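Structure record follows, encoded as structure tokens.
The values are calculated or read from the model by the stated rules, or taken from the named source; none is laboratory data. Everything numeric here is computed off the predicted structure, so don't read it as measured data. Please note: Cβ atoms are built from the backbone with ideal geometry, for glycine as well, and neighbour counts cover all protein chains shown.
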Amino acid sequence: MPRVTVTRDKFLEDLQARTFSDVLNDSEQPFDAVLEFFNDENRQRRMEESEIHHDRPPLAGVVRELESQPVIDLILAETDTQRSKRLRQAVGVVVRMIMEARGWQKTGRKGSLGVRDGKKSLALNHNTGGLAFWFIRAERYKLAEGMPFQSVRDHYQKLERGVGQAF
């Protein structure tokens, strides 16, 4: 699958993305770094592999690398949690735009990326466990023509119902 490129103009053409123009136009937000990060062909491939081979949200395939980008980590660590939240949401929109352009569609379900400590939820802006430090959950996707492998849940349910082979 060829690389998908999301530009500032393409971002603003998308109806949902347009609602994040504040992030795009905030000179202190590293939005260009986010676009550059996600426009990489290998990262897009890893996002697809995350869904296909690991049964995890696409963001799970690249989230550690994304969070390790100093300029992105810095803004996510800000005490202004609203700005940090808006950037995380805008990242989700960029992921959606890329996945849809590559033939995927949203499932309406979210997958876990991290766990926050419930006791300190008002003071904490980061996770205390899980895969990601700053992201809690992310949208799940499926291929329009169907997934090549069934999920563990589907496999188990077929096995329990005794419907043919579980594969």
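So Arg3 clears everything in (1) of a type in the set (D, E, K, R); (2) over 25 Å from Asn127 (Cβ atoms); (3) assigned to a helix (DSSP H, G or I) except one condition, right? Which one?
(3)
Across segment 94-113, what is the number of residues that are outside any helix (DSSP H, G or I) and either hydroxyl-bearing (Ser, Thr, Tyr) or more than 10 Å from the chain's Cα centre (by Cα) (or both)?
9
Please verify whether Lys106 is in contact (Cβ under 8 Å) with a residue 24 or more places away in the chain and either in contact with a Lys or Arg (Cβ under 7 Å, 6 or more places away or on another chain) or not small (Gly, Ala, Ser) (or both), treating the condition exactly as stated.
Yes.
State which residue is farthest from Glu78 (Cα to Cα) when the search covers only segment 26-50 and only residues that are of a type outside the set (Asp, Glu) and outside any helix (DSSP H, G or I).
Ranking the candidates gives Asn39 first.
Of all residues in segment 131-149, which are assigned to a loop (DSSP other than H, G, I, E, B) and either free of Cβ contacts under 8 Å to residues at least 12 places away in the same chain or within 24 Å of Val94 (Cβ to Cβ) (or both)?
Result: Leu131, Ala132, Phe133, Trp134, Phe135, Ile136, Ala144, Glu145, Gly146, Met147.
Give Val62, Val93 a once-over and let me know the one that is touching a Lys or Arg at 6+ places or on another chain (Cβ under 6 Å), under 19 Å from Leu113 (Cβ atoms) and modelled with pLDDT of 95 or more.
Working: Val93 fails: touching a Lys or Arg at 6+ places or on another chain (Cβ under 6 Å).
Just one listed residue meets the conditions, Val62.
Among Glu49, Glu41, Glu36, Glu67, which is more than 14 Å from Ile98 (Cβ to Cβ) and of a type outside the set (Val, Ile, Thr)?
Glu67
Looking at (1) farther than 14 Å from Tyr141 by Cβ; (2) in contact (Cβ under 8 Å) with a residue 40 or more places away in the chain; (3) surrounded by fewer than 17 Cβ atoms within 10 Å (Cβ to Cβ), can you tell me which one Pro70 breaks?
Only one criterion in (1) farther than 14 Å from Tyr141 by Cβ; (2) in contact (Cβ under 8 Å) with a residue 40 or more places away in the chain; (3) surrounded by fewer than 17 Cβ atoms within 10 Å (Cβ to Cβ) is unmet by Pro70, namely (2).
Go through (1) at pLDDT 95 or above; (2) within 23 Å of Glu145 (Cβ to Cβ); (3) more than 17 Å from the chain's Cα centre (by Cα) one by one and return the number of the condition Met1 breaks.
(1)
When segment 1-31 is examined, which residues are found to be under 14 Å from Val94 (Cβ atoms) and free of Cβ contacts under 8 Å to residues at least 12 places away in the same chain?
From segment 1-31, those under 14 Å from Val94 (Cβ atoms) are 3-14, 16-21, 23-24, 29-31; that's our starting set.
Scanning segment 1-31 gives Asp9, Glu13, Arg18, Thr19, Ser21.
Return yes or no: is Asp32 buried (at least 16 other Cβ atoms within 10 Å of the Cβ), modelled with pLDDT of 95 or more and farther than 20 Å from Ile136 by Cα?
Spelling it out, it is not the case that Asp32 is buried (at least 16 other Cβ atoms within 10 Å of the Cβ), modelled with pLDDT of 95 or more and farther than 20 Å from Ile136 by Cα.
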